[in-house]
Amino acid sequence: MRSHENIIEDLKEELQVVYNEVLELAPQAFQEKLSLCSFNATKQEYILKKKELIDFILQKVEICQEPNDYQVSPRGYCPLCYRGADNAYDEGFIISEGLIRHLKGSHGARQCTIIKALDKIAQYYINLQKAKNA
């Protein structure tokens with residue numbers, strides 16, 4: 001029978017594989033920044049890295065709809081998952097607030113699938129560190 005430690009090590013290895021596959025789903029321009037966000041970080045470190053990542057993403061977003069009489073802010077699709085707001089009348093997300101909400105999954109916005117996966121992996125490692133330190 002396998003020990004709990006062996007099972008945990010196997011799960012950590014599987015999680016690393018999933019993490020690498022998630023990174024490969026992201027556009028090449030974002031893979032390095034994404035790779036800095038997850039493993040071996042405290043909660044505070046992860047929050048800071050994620051903020052840096054969001055700032056980087058906001059710099060890279062391409063405008064798909066310019067402001068007009070109806071819309072005062074430009075709009076753009078998420079450069080990681082290529083989603084836009086669930087709105088039949090507009091393209092993309094409002095830059096920057098709508099895109100930030102999408103990346104964070106806040107205010108009822110559907111979170112970017114790549115960032116969501118990163119968050120879950122980071123949370124696992126943060127919890128693991130807490131358990132080791134307890």
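Some points to look at:
- Selection of the stretch 102-134 for residues being under 21 Å from Leu25 (Cβ atoms) and among the charged types (D, E, K, R) yields Lys104, Arg110, Lys116, Asp119, Lys120.
- One residue stands out in the stretch 100-134 among those that are more than 20 Å from Leu36 (Cβ to Cβ) and of a type in the set (A, V, I, L, M): the one that is modelled with the lowest pLDDT, namely Ala134.
- Tallying residues that are surrounded by 13 or more Cβ atoms within 10 Å (Cβ to Cβ) and either out of contact with any Gly (no Cβ under 8 Å at 6 or more places or on another chain) or within 17 Å of Val22 (Cβ to Cβ) (or both) within the stretch 103-114 yields 8.
- Candidate set from the stretch 14-68 (those that are modelled with pLDDT under 90, within 22 Å of Leu99 (Cβ to Cβ) and among the acidic types (Asp, Glu)); member that is surrounded by the most Cβ atoms within 10 Å (Cβ to Cβ): Glu32
- Against the test of being among the aliphatic types (A, V, I, L, M) and in contact (Cβ under 8 Å) with a residue 60 or more places away in the chain, the options Ile63, Ile54, Ile95, Ile114 yield a single qualifying residue, Ile114.
- Here the condition is being of a type in the set (A, V, I, L, M, F, W, C), out of contact with any strand residue (DSSP E or B) (no Cβ under 7 Å at 6 or more places or on another chain) and within 19 Å of Leu23 (Cα to Cα); of Ile100, Ile121, it holds for Ile121 alone.
- Only one of the numbered conditions (1) more than 30 Å from Leu128 (Cβ to Cβ); (2) touching a Phe, Trp or Tyr at 6+ places or on another chain (Cβ under 7 Å) is violated by Leu15, and that is (1).
- Residue ID - surrounded by the most Cβ atoms within 10 Å (Cβ to Cβ), chosen from residues in the stretch 75-94 that are within 17 Å of Ile114 (Cα to Cα) and among the aliphatic types (A, V, I, L, M): Leu80
- Scanning the stretch 15-42 for residues that are of a type in the set (S, T, N, Q) and either within 13 Å of the chain's Cα centre (by Cα) or over 19 Å from Tyr125 (Cα atoms) (or both) yields Gln28, Gln31, Ser35, Ser38.
The values are calculated or read from the model by the stated rules, or taken from the named source; none is laboratory data. Since we're looking at a predicted model, the values are computed, not measured. Every residue, glycine among them, receives a Cβ derived from its backbone with ideal geometry; neighbour counts consider all protein chains shown.
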